[in-house]
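One structure is given below, encoded as structure tokens.
The values are calculated or read from the model by the stated rules, or taken from the named source; none is laboratory data. Please read all numbers here as calculations on a predicted model, not as lab measurements. Neighbour counts run over all protein chains shown; Cβ positions are idealised from the backbone, glycine included. Heavy atoms of the whole protein, side chains included, go into the accessibility calculation; ligands, DNA and RNA do not. Shrake-Rupley method; radii C 1.70, N 1.55, O 1.52, S 1.80 Å.
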Amino acid sequence: GVTVFVAGVPEAVVLDGVGIAAGETARWVARDDAACANPLAEATVGANASATFTFANSTAASGALELCYAFIGEAFARFPAVQAEVYAIDASQDAEVVAGAPAEDVGLRGYGVQDGDEAFFVDGEAARRRRRQLQETGGATVDCADLAPDPNLGGLLTVERGGLIAVAAVEGAESLELCYAFRGEPFAHFPSVQLQIYALDVPADGAFAVVGEEETLTFAGVGVKEGDRAKWVLPGQGCDADPAGHGGRDLASGAALAAFQPVGAGGATPFVFTRGGADLRLCYRFRQARAGGLEPWRLYEAFRAGAGDVTGPLRSGAVVGAEARVTLEGAALADGDTAYWAADCAATDAASAPLGAALSVSLAGPGGGSAVVAFTPPSAAAGAEAMSLCYSFRGRAPRAYPSLSLSVYELRAMSEAPLTGAEAAGGDGAPRSAVGVSSASVTLHFAGAGVAAGDRAFWVAADAADCACEGAACLPFQVARGGRQAVAVDSAAPASLSATFALGAGAGAAAAAAGGDLRLCYQFADQAPFLYADFTLGVREVTGPPLSVRTNAGAASVEVEGAGVAAGDEMLWVLKTDADAASCEEAAAAGYAKVAPVATVGAVESGTRVAATLSLAAVARGALLCYRFQGEGWARFPRATLSVVEASSPFAALDLAAVTPRGAAAGSGNAITLRGTGFEPAATAWFADEARRAAGGGASILCRYSVPGVAEPFLEPAANVSAAELVCPSPAGAPVTADEGVLDLVP
């Protein structure tokens, strides 16, 4: 039969025959060696007819060998029926695979290789060191029989498909050596058949780069070398995808590469991202150092990278003194990043920037696509040179984003006259208060950092803590305070920006009840309204009394009350028929005196009540008040009326303090009650004189109203009179609006 040997492996066989004795010689020769002169292996027979042969080469070229045997004292005789085959793995074979990749086929060349053989790879140098330690010799060799296959290095491999082994390794390793077992033979060591397992280290914190900045990442691992290739892809993509947000460049020529970035010496690899991205995945391709080709791309899901970028908002704003919350948009933003705004990021650090400090970034949601920067800008930042965002990713040097700007606004001055020079600049002493008159308009001029046409302004009460009263719940009060008005270029002073507020009736009284002068809410561009508590508007108003009655007997003192009334103001009473035809300004200018001439008032109670002495001669019913506060124009106040009666009238000394209710729905049956002082007892008695009324004397008192939309006034007898009040019936036909109607008492 045919005996199988493995080249390089000493193997003992027992010779079977007659007369075999120890000390005899056996050799194997090629079939064409008739003289047995050129043995390929030779051994001396030992006890039990055993002989150990070691072959240097396989019989791939020569074919099966034949046995030559020399009995003691005899020449070599040939035994052609006793044959041998020598199997061997071809020397100097190299294979390269990537740890963690799908199994890669490695082909083994040799004589005798067949499906079903087994193989594994070992760290030969480590095995040799171990044997030297055990044997304390310098010539230790690897004995594959002493070693077990390592699953991390591919484990035990079975030959299939005509000499292929499928290697799936977990760990990287340099220069592994082959242990191979031909079918039916023990494992033999083939040190020149080597396997390289490439592996890439995956850092726990991944990698990071800033868009537009070159970032050199140093890859490490087994077999990382110059000429490898790398690229980053989006989550869910494979390595057949184009790079996500970056290209590459040749490290020698600098030429642009579209598909990957070459790895440099020592694993140093420069990346320049042009687009931001978060949670990118690495694709890496090892260059085959021995075969000269490239391994397939390997996706490293656990090797993550972020490319940081800030893309918005293009314009941000903040108001001095108000907390600003700017929501930044971009990629790979993170808690702990910092930001500030400056005209020149390279020349300005955070401490010397207009905002005075580096601002902490807080993520606004998962994924790093948006983050919030909160700050309250100081006055020094307002009106600063155009400021761009300076953003620092992960403690890196700040990067400038020139297209992302911040404007800081500040209102610095307000006046009833156009603002110029130092006043407009808002220096010390710049005006911040003004006075308006209810039922009249006031134009106010504004100046400051960022004040522009299209801004808006409105007024809130002195006790308002913020500008929330802008909403619908406060609408009636807001309208009375002039509403929310747009700031515009003043037609009379084109260099100035102003807004005009038409103050409604009751604004002054409401302001006084709420604690004093109104406070300004100013809204820059798209910013939230900001309360400027030191910008005030004093609203002056006459609020009553609803009716004063005096006789036509000559000089009489007439009082009015309200907000901001003061000695030195002026009053003028105008008949309603004339007030409809002429404004207060026109009446005063024309010297109107049908009731009494213009009179200067004196103080009765500072700020709330004043009086003037009038020369009254003509009887007048329901005269309307025109009043001029010092420094202001004339304004009409319909809540104060004056009737002049004959001295004999029961109401000659009446001052009406209140009318309740102020209005009544037509046909409702609600009586209108007038309360005050000066109801003469004689009027009450006269009214109650049933005998006189039965004799045709009629009622002593008539109630008269001017009703909007009704040509003729409402005129009905009084329902009741007492010492402190008079009750009038409701008008039938239309509701009474006291602010517009005239409530006349006709005794």
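Quick grid of which residues meet (1) of a type outside the set (Asp, Glu); (2) over 30 Å from residue 166 (Cβ atoms); (3) crowded, with 20+ Cβ neighbours inside 10 Å:
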site: 42; (1), (2), (3): no, yes, no
site: 47; (1), (2), (3): yes, yes, no
site: 52; (1), (2), (3): yes, yes, no
site: 64; (1), (2), (3): yes, yes, no
site: 72; (1), (2), (3): yes, yes, no
site: 77; (1), (2), (3): yes, yes, no
site: 89; (1), (2), (3): yes, no, yes
site: 98; (1), (2), (3): yes, no, yes
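Suppose we filter 187, 208 for residues that are out of contact with any His (no Cβ under 7 Å at 6 or more places or on another chain) and open to solvent by less than 40 Å² (accessible area, probe 1.4 Å); which single one remains?
208
Among the candidates 254, 266, single out the residue that is modelled with pLDDT under 95 and of a type outside the set (S, T, N, Q).
Only one candidate qualifies: 254.
Those residues that are out of contact with any Leu (no Cβ under 9 Å at 6 or more places or on another chain) and either of a type in the set (Val, Ile, Thr) or free of Cβ contacts under 8 Å to residues at least 60 places away in the same chain (or both), I need them from segment 537-560; list them, please.
543
Any chance segment 292-304 includes a residue that's assigned to a loop (DSSP other than H, G, I, E, B) and either open to solvent by less than 50 Å² (accessible area, probe 1.4 Å) or under 23 Å from residue 404 (Cβ atoms) (or both)?
Yes, segment 292-304 contains a residue that is assigned to a loop (DSSP other than H, G, I, E, B) and either open to solvent by less than 50 Å² (accessible area, probe 1.4 Å) or under 23 Å from residue 404 (Cβ atoms) (or both).
Return yes when residue 555 is among the hydrophobic types (A, V, I, L, M, F, W, C), within 40 Å of the chain's Cα centre (by Cα) and either open to solvent by 30 Å² or more (accessible area, probe 1.4 Å) or over 30 Å from residue 649 (Cα atoms) (or both) and no when it is not.
Considered against the rule, which asks whether it is among the hydrophobic types (A, V, I, L, M, F, W, C), within 40 Å of the chain's Cα centre (by Cα) and either open to solvent by 30 Å² or more (accessible area, probe 1.4 Å) or over 30 Å from residue 649 (Cα atoms) (or both), residue 555 comes out as no.
Taking the options 269, 327, name whichever one is of a type in the set (S, T, N, Q), surrounded by 22 or more Cβ atoms within 10 Å (Cβ to Cβ) and assigned to a strand (DSSP E or B).
That would be 269, the only listed residue that is of a type in the set (S, T, N, Q), surrounded by 22 or more Cβ atoms within 10 Å (Cβ to Cβ) and assigned to a strand (DSSP E or B).
Go through the residues of segment 162-173 one by one and say whether even a single one is open to solvent by less than 50 Å² (accessible area, probe 1.4 Å), within 24 Å of residue 102 (Cβ to Cβ) and without any contact (Cβ under 8 Å) to a residue 40 or more places away in the chain.
Checking segment 162-173: not a single residue is open to solvent by less than 50 Å² (accessible area, probe 1.4 Å), within 24 Å of residue 102 (Cβ to Cβ) and without any contact (Cβ under 8 Å) to a residue 40 or more places away in the chain.
Residues in segment 560-577: is at least one assigned to a helix (DSSP H, G or I) and modelled with pLDDT under 90?
Yes, because at least one residue in segment 560-577 is assigned to a helix (DSSP H, G or I) and modelled with pLDDT under 90.
Kindly indicate the residue of segment 502-550 that is acidic (Asp, Glu) and assigned to a loop (DSSP other than H, G, I, E, B) and also nearest to residue 319 (Cα to Cα) among those meeting that condition.
526
Please specify each residue of segment 482-528 satisfying the condition of being open to solvent by less than 20 Å² (accessible area, probe 1.4 Å) and among the β-branched types (Val, Ile, Thr).
487
What's the number of the condition residue 119 fails, among (1) within 18 Å of residue 89 (Cβ to Cβ); (2) among the small types (Gly, Ala, Ser); (3) open to solvent by 40 Å² or more (accessible area, probe 1.4 Å); (4) under 60 Å from the mean Cα position of the chain (by Cα)?
Condition not satisfied by residue 119: (3).
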